[in-house]
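The values are calculated or read from the model by the stated rules, or taken from the named source; none is laboratory data. These numbers were taken from a predicted model, which means no experiment stands behind them. As a convention, Cβ positions derive from the backbone with ideal geometry for all residues, glycine included, and neighbour counts pool all protein chains shown.
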């Protein structure tokens, strides 16, 4: 059953925590999923949230901190010493979650935590994970896994797996390696249960598997796991040594972060910002794109000024300027959004010319339909036939040009290793506004004998 956080309960809990009566709630709260407790902590005041995390049992507290927003987690961790983080939190987490938590600490506190981890093997695993750059497969992976040697027989395999499973909370897969720890394949649990105990593992394991190198980009890992419907993926080094595994929950976090980043870029935000950030931080994230829009507005004004004679001769042309600019921007964003989604899922393959021809066809059809509608609407509103035809032809041209820009820009950005999501934001809208107005007035000059 899903948990629903009601305002009345939250108010009551906040009041009881401040009055030192949290103990009455602890049993109920500790029965909740860590994500639900994290939701409660997030809604409480900072002091009450800190108190709640410190009062629940250590294992649950560690899992709750992993679920919290990074900024809130950092504030709560200030209440813990390096020794407390090591004993109460890190030792209750999988290696990948522990590495993520430690990685957010200062260098001094990070060393203190690592020096206070009692299990040398766990400390070594976490230290190795901290070496990998952010947003790589190595930074995502955990060390907890089950592996067996291809030369073992089934009986020895079962015995070794039982020992390894003591340190693994969830067994997602059984990996088969050789004497040099080179990953060879996976072992099916069904095969293990239905095969003679004297059968060598080499005869029953599956040689086909998807693996990823530790240096691979996290987004590529997410795309691969999504493509093949995997819940876990092994991580190897350049030679093929088995290093760890990445589970689906880590990949979901990557997909969510990438979607958030793309949304920010499409909305005109250059940095990752939160609603509770300072005015200066939010301003610094938004200002660059506003300046681009400002520059675009100045350029659009220059275009209109260049065609001042046309407006003086036929002032009614000005009535359709917002229409031309809006349609160009909308079509450009539509086209770029489709291409950006295809690039994100790696589905832009084959001949780029085919993609281009398709967009031209779609743009032409949409442009003709909109052009016919604008002629009808213009005549109904009493505008001259020649002006209506000019606006319609200009609209078709603007829609086609905007579609081409919306298709090409993200592909070019992606080719030069720039996030193509930039193409769905103010950048492409501003570009289409300027070009759209230029096309409109140029066609007006040609058809209206100005």
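Per-residue answers, yes or no, for (1) at pLDDT 90 or above; (2) more than 28 Å from residue 230 (Cα to Cα); (3) in the same structural domain as residue 225 (by TED's automatic domain parsing); (4) touching a helix residue (DSSP H, G or I) at 6+ places or on another chain (Cβ under 7 Å):
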| site | (1), (2), (3), (4) |
| --- | --- |
| 86 | yes, yes, no, yes |
| 97 | yes, no, no, yes |
| 112 | yes, yes, no, yes |
| 117 | yes, yes, no, yes |
| 123 | yes, yes, no, yes |
| 130 | yes, no, no, yes |
| 175 | yes, no, yes, no |
| 178 | yes, no, yes, no |
(message) Looking at the stretch 428-450, can you tell me whether even one residue there is farther than 18 Å from residue 336 by Cα, without any contact (Cβ under 8 Å) to a residue 12 or more places away in the chain and outside any helix (DSSP H, G or I)?
(response) yes
(request) Output the residues belonging to the stretch 135-174 that are loosely packed, with under 14 Cβ neighbours inside 10 Å and assigned to a helix (DSSP H, G or I). (result) 155, 159, 162, 163, 165
(request) Take the stretch 99-110 and flag every residue that is assigned to a helix (DSSP H, G or I) and either touching a helix residue (DSSP H, G or I) at 6+ places or on another chain (Cβ under 7 Å) or not assigned by TED's automatic domain parsing to the domain that holds residue 43 (or both). (result) 99, 101, 102, 103, 109, 110
(request) Starting from the stretch 326-353, keep only residues that are under 25 Å from residue 436 (Cα atoms), then list their pairs with residues that are modelled with pLDDT under 75 and surrounded by 14 or more Cβ atoms within 10 Å (Cβ to Cβ) whose Cβ atoms are within a distance under 6 Å, requiring at least 6 positions of separation or different chains. (result) 333/424; 336/423; 336/424; 337/424; 340/420; 340/421; 340/424
(request) Considering each of 398, 340 in turn, give the residue that is assigned to a helix (DSSP H, G or I), at pLDDT 80 or above and buried (at least 17 other Cβ atoms within 10 Å of the Cβ). (result) 398
(message) Checking the structure you have, find out if any residue of the stretch 226-240 is in contact (Cβ under 8 Å) with a residue 60 or more places away in the chain, surrounded by fewer than 16 Cβ atoms within 10 Å (Cβ to Cβ), assigned to a strand (DSSP E or B) and in contact with a strand residue (DSSP E or B) (Cβ under 7 Å, 6 or more places away or on another chain).
(response) no
(request) Hey, can you tell me all the residues within the stretch 370-383 that are more than 15 Å from residue 324 (Cβ to Cβ) and either out of contact with any helix residue (DSSP H, G or I) (no Cβ under 8 Å at 6 or more places or on another chain) or crowded, with 19+ Cβ neighbours inside 10 Å (or both)? (result) 376, 380, 381, 382
(request) Considering every residue within the stretch 120-128, establish whether at least one is surrounded by 15 or more Cβ atoms within 10 Å (Cβ to Cβ) and touching a strand residue (DSSP E or B) at 6+ places or on another chain (Cβ under 9 Å). (result) yes
(message) I'm checking my understanding of the structure. Among residues of the stretch 428-444 that are under 16 Å from residue 319 (Cα atoms) and under 33 Å from the mean Cα position of the chain (by Cα), which one is modelled with the lowest pLDDT?
(response) 433
(request) Quick one: residue 6 ticks every box in (1) surrounded by fewer than 14 Cβ atoms within 10 Å (Cβ to Cβ); (2) more than 31 Å from the chain's Cα centre (by Cα) except a single one, so which number is it? (result) (2)
(message) Exactly one of these conditions fails for residue 399: (1) closer than 18 Å to residue 356 by Cα; (2) within 26 Å of the chain's Cα centre (by Cα); (3) touching a residue at least 60 places away in the same chain (Cβ under 8 Å). Give me its number.
(response) (2)
(message) Which numbered condition in (1) more than 40 Å from the chain's Cα centre (by Cα); (2) at pLDDT 80 or above; (3) surrounded by fewer than 19 Cβ atoms within 10 Å (Cβ to Cβ); (4) in a helix (DSSP H, G or I) is the only one that residue 323 fails?
(response) (1)
(message) Anything in the stretch 1-31 that is over 18 Å from residue 50 (Cβ atoms) and not in a helix (DSSP H, G or I)? List them, or say none.
(response) 1, 2, 3, 4, 5, 6, 31
